[in-house]
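> I am attaching a structure below and will ask some questions about it afterwards.
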Amino acid sequence: MEWRVGAILRARRRVAAASVRVGCVALARAYVEGMRDRVLEELWDDAVPRGAGFDARAVAQLPPAAQRYLRHAIARGTPLAHAVRLAMHGEIKLGGAWSAFEAEQVIHAARGFVWRARVRMKGLPVRGSDRWVDGAGALDWRLLGVIPVARASGVDVSRSAAGRAQAEAIWLPSILTGAEWHARDDAHADAEIAIHGESGRIDYTIDAHGALREIVFDRWGDPDATGTSSTFPFGGVIEDERTFEGFTIPSRVRVGWFFGTPRWEEGEFFRVTIDDATYR
């Protein structure tokens, strides 16, 4: 009986200790998630109300392909938005294997973006965020929402994230009404996009109806993990589009490094479907 009582007491102590550990993990995860939520929510709350309605005459001096695209992307009279909040799902390639993800993202026309996602890697949940806000880029990914698995910031991360922000203006077409456009031919146009003082040039392939088909640009990064960053072709294929609140945006996209080269299949790492978009 004494042995049984002792075993029960020891088991209770183990359960109590495990409960404390679980509680600490839960509290830590709640704190980290709360901090991430705050950054995303602050960016969203900072957006000013939507502006004047889109007037197609305002883009009449742009190259024909750019005119087609903007008139297709923004319905006449749609109030121009300063931010968009996206809900999405898809697949991301990590360590050579594709993993499903769900995410939300806020894009702010003047300040940048925050992308927050949930991914399962080998059956384990990983939560994290990528961001570029006010010129500073960072990423923070944690197993179970607590244990760091990938964290980075600094000049190279910021420069790469700035390129992403410029490319993702396709989900907030208001940004592109103020871009500096250059004609290439009837199906292609380049846009010089400036966000928070950072400029980059994106090449757009636009069909006869004004829908986007491809984007490509030189993005700063280290896709081969050499330890040294440089510029590499980066781009995406637009496979479908949807209209939300007067904005027609790419809704199914595949993107990656080495776009337009024999290494594109290797470099593709992100496939996304946009489920919802709210504009402000």
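Laboratory data are not the source of any read-out in this text; all were calculated from the coordinates shown. These numbers were taken from a predicted model, which means no experiment stands behind them. Please note: Cβ atoms are built from the backbone with ideal geometry, for glycine as well, and neighbour counts cover all protein chains shown.
> Report the extension gain between residue 76 and residue 208 in nm, rounded to one decimal, defined as 0.36 nm multiplied by the number of residues separating them, less their alpha carbon distance.
45.7 nm
> Determine the relative contact order of the chain: mean sequence separation of Cα pairs under 8 Å and six or more apart, normalised by residue count, in whole percent.
Computed over the chain, the figure is 18 percent.
> Using just the C-alpha positions of region 39-168 as equal point scatterers, what log10 of I(q)/I(0) does the Debye formula give at each q in 0.15, 0.22 1/Å?
Rounded to two decimals, the profile gives -0.84, -1.29.
> On to the next question. Looking only at 233, 173, 148, which one moves most when the chain is put into a Gaussian network model with springs between Cα atoms under 10 Å?
Looking only at 233, 173, 148, the largest GNM fluctuation is found for 148.
> Let me ask you something else. Which value, in debye to the nearest 20, describes the size of the charge dipole of region 90-185 about its Cα centre when Lys and Arg Cβ atoms bear +1, Asp and Glu Cβ atoms bear -1, and nothing else is charged?
That gives region 90-185 a dipole magnitude of about 440 debye.
> Given 0.36 nm per residue, what is the gain on full extension from residue 55 to residue 118 after removing their alpha carbon distance, in nm?
18.8 nm
> Please give the charge dipole size of region 32-279, origin at the Cα centre, charges +1 on K and R Cβ atoms and -1 on D and E Cβ atoms. Round to the nearest 20 debye.
The dipole magnitude comes to about 360 debye.
> So which residue, out of 155, 253, 146, gets the largest mean-square fluctuation from a GNM of the chain using Cα contacts under 10 Å as springs?
155
> In the chain, if the dipole is taken from +1 on Lys/Arg beta carbons and -1 on Asp/Glu beta carbons about the Cα centre, which of 124, 277, 43 is farthest to the positive end?
124
> Test of understanding: in a Gaussian network model of the chain with alpha carbons linked when under 10 Å, which of 126, 114, 48 would top the mean-square fluctuation ranking?
48
> Can you give the helix-only mean residue ellipticity at 222 nm for the chain, where every DSSP H stretch with n ≥ 4 adds -39500 (n - 2.57) and the sum goes over all residues, rounded to the nearest 500 deg cm²/dmol?
-9000 deg cm²/dmol
> Further question: Toward the positive end of the charge dipole of region 32-279, about the Cα centre and with charges on Cβ (Lys, Arg +1; Asp, Glu -1), which of 217, 63, 138 goes farthest?
In region 32-279, that residue is 138.
> Taking all pairs of distinct Cα atoms, average 1/r, flip it, and tell me the Kirkwood hydrodynamic radius of region 32-279 in Å to one decimal place.
Numbers: mean 1/r = 0.0542 Å⁻¹.
Across region 32-279, the inverse of the average 1/r is 18.4 Å.
> First select every other residue whose beta carbon is under 12 angstrom from the beta carbon of residue 109; then total the charges, Lys and Arg +1, Asp and Glu -1.
On the way: positive: 50, 111, 280; negative: 46, 168.
Its environment carries a net charge of +1.
> Next question. What spacing in nm lies between the two simple spin-label points modelled at residue 186 and residue 240, each 7 Å away from Cα in the Cβ direction?
3.0
> Next question, about the same structure. Where the only charges are on Cβ atoms (+1 Lys, Arg; -1 Asp, Glu), what is the dipole of region 150-198 about its Cα centre, to the nearest 20 debye?
Values: 4 positive and 8 negative charges, 70 e Å.
Using Cβ point charges on Lys, Arg, Asp and Glu, region 150-198 gives about 340 debye.
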